[in-house]
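The values are calculated or read from the model by the stated rules, or taken from the named source; none is laboratory data. Remember, predicted model here, so these are calculated numbers, not experimental data. Glycine gets a Cβ as well: all are built from the backbone with ideal geometry, and neighbour counts include every protein chain shown.
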Amino acid sequence: MRTQQLFLLMHRFYSIYIAATCIALLGCSHGYKIEDNRVYYVHWNEARGKGSQLLPQADASTFESLDFNCDCSFEFGKDKDHLYIDGQLIENIDPNTFRFIGNYIFADKDSAYFFGFYTNLNDCSIDGVNPHEIALITYPWAKSGNILINGSDTLSLADITDFTPIDNNWGKTKSAIIFNNQLLVGADPASFEIINSYAGKDNQHTFEFGKMTK
């Protein structure tokens with residue numbers, strides 16, 4: 001009986017602790033705020049706690065937060081001239097036509113962008129595609145005309161209507177095997193098998209990172 005009471009007490013204490021933690025975390029919100037006619041990005045991390053970053057180029061009178069319902073953790077904001085992601089100014093994007101397409105692909109009136117994986121938020125453009133013709137396949141694959149898209153990489157593909165994704169890195173048509181944005185020269189689609197995320201083989205050759213190794 002005593003053990004059961006102790007268990008119930010510990011369970012109640014744990015529940016209160018979880019609730020208090022959730023309330024505390026909700027209080028550590030992040031996003032954009034306007035104060036004294038200036039725009040700030042408020043952020044939070046476990047090491048430094050809450051911080052506030054001035055966005056010196058942002059126009060407070062036209063600034064607004066954006067919500068694209070994109071199932072991603074980005075904080076978007078814009079003024080009449082600029083787009084911001086997580087407080088970072090994104091260059092050469094028209095904020096007034098910026099929109100969400102799907103699968104981490106966004107576009108403005110001139111270009112398309114992939115923010116699914118990257119090393120630099122200002123280096124995410126999908127070059128050479130018409131943003132108004134993009135059709136989603138499955139993440140991270142898409143297409144625009146006869147251009148196949150994997151993330152922000154592209155490949156011109158004559159038989160793109162036959163393309164079938166295998167996983168995030170591999171795809172195929174009736175006549176070709178594709179690794180990211182590379183055609184595997186010499187690969188036999190009929191006998192090709194994936195070994196791992198970067199290697200595969202057919203009945204005669206092995207390929208790594210899109211190149212024949214043996």
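Tabulated results
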quantity	calculated
Hits in segment 67-101 - residues which are among the small types (G, A, S) and either assigned to a loop (DSSP other than H, G, I, E, B) or under 22 Å from L136 (Cα atoms) (or both)	S73, G87
G210 being of a type outside the set (F, W, Y), at pLDDT below 95 and closer than 23 Å to N92 by Cα	no
Yes/no for T119 being of a type in the set (S, T, N, Q) and either over 23 Å from L55 (Cβ atoms) or in contact with a Lys or Arg (Cβ under 8 Å, 6 or more places away or on another chain) (or both)	no
S73 being at pLDDT 90 or above and among the polar types (S, T, N, Q)	no
Pair list, Cβ under 6 Å, 6 or more apart: segment 49-71 residue within 16 Å of T97 (Cα to Cα), other residue assigned to a strand (DSSP E or B) and of a type in the set (V, I, T)	F63/V39
Selection within segment 53-79 - in contact with a Pro (Cβ under 6 Å, 6 or more places away or on another chain) and among the aliphatic types (A, V, I, L, M)	none
Criterion (closer than 23 Å to I34 by Cβ, in contact with a strand residue (DSSP E or B) (Cβ under 8 Å, 6 or more places away or on another chain) and surrounded by 18 or more Cβ atoms within 10 Å (Cβ to Cβ)) met by exactly one of D79, D86	D79
Restricting segment 42-66 to residues that are among the small types (G, A, S) and modelled with pLDDT under 80, the residue that is surrounded by the fewest Cβ atoms within 10 Å (Cβ to Cβ)	A47
Candidates A176, A142, A158, A135, filtered to the one that is exposed (fewer than 15 other Cβ atoms within 10 Å of the Cβ), within 23 Å of G210 (Cα to Cα) and among the hydrophobic types (A, V, I, L, M, F, W, C)	A158
Single condition F163 does not satisfy, out of (1) over 29 Å from K109 (Cβ atoms); (2) out of contact with any Phe, Trp or Tyr (no Cβ under 6 Å at 6 or more places or on another chain)	(1)
Residues of segment 149-176 that turn out to be more than 19 Å from A199 (Cα to Cα) and in contact with a helix residue (DSSP H, G or I) (Cβ under 6 Å, 6 or more places away or on another chain), as a count	1
Residues within segment 89-110 that are surrounded by fewer than 18 Cβ atoms within 10 Å (Cβ to Cβ) and among the small types (G, A, S), tallied	1
Cross-chain or 6+ apart pairs with Cβ under 9 Å, segment 100-124 first and under 16 Å from D86 (Cβ atoms), then surrounded by fewer than 17 Cβ atoms within 10 Å (Cβ to Cβ) and basic (K, R)	F106/R99
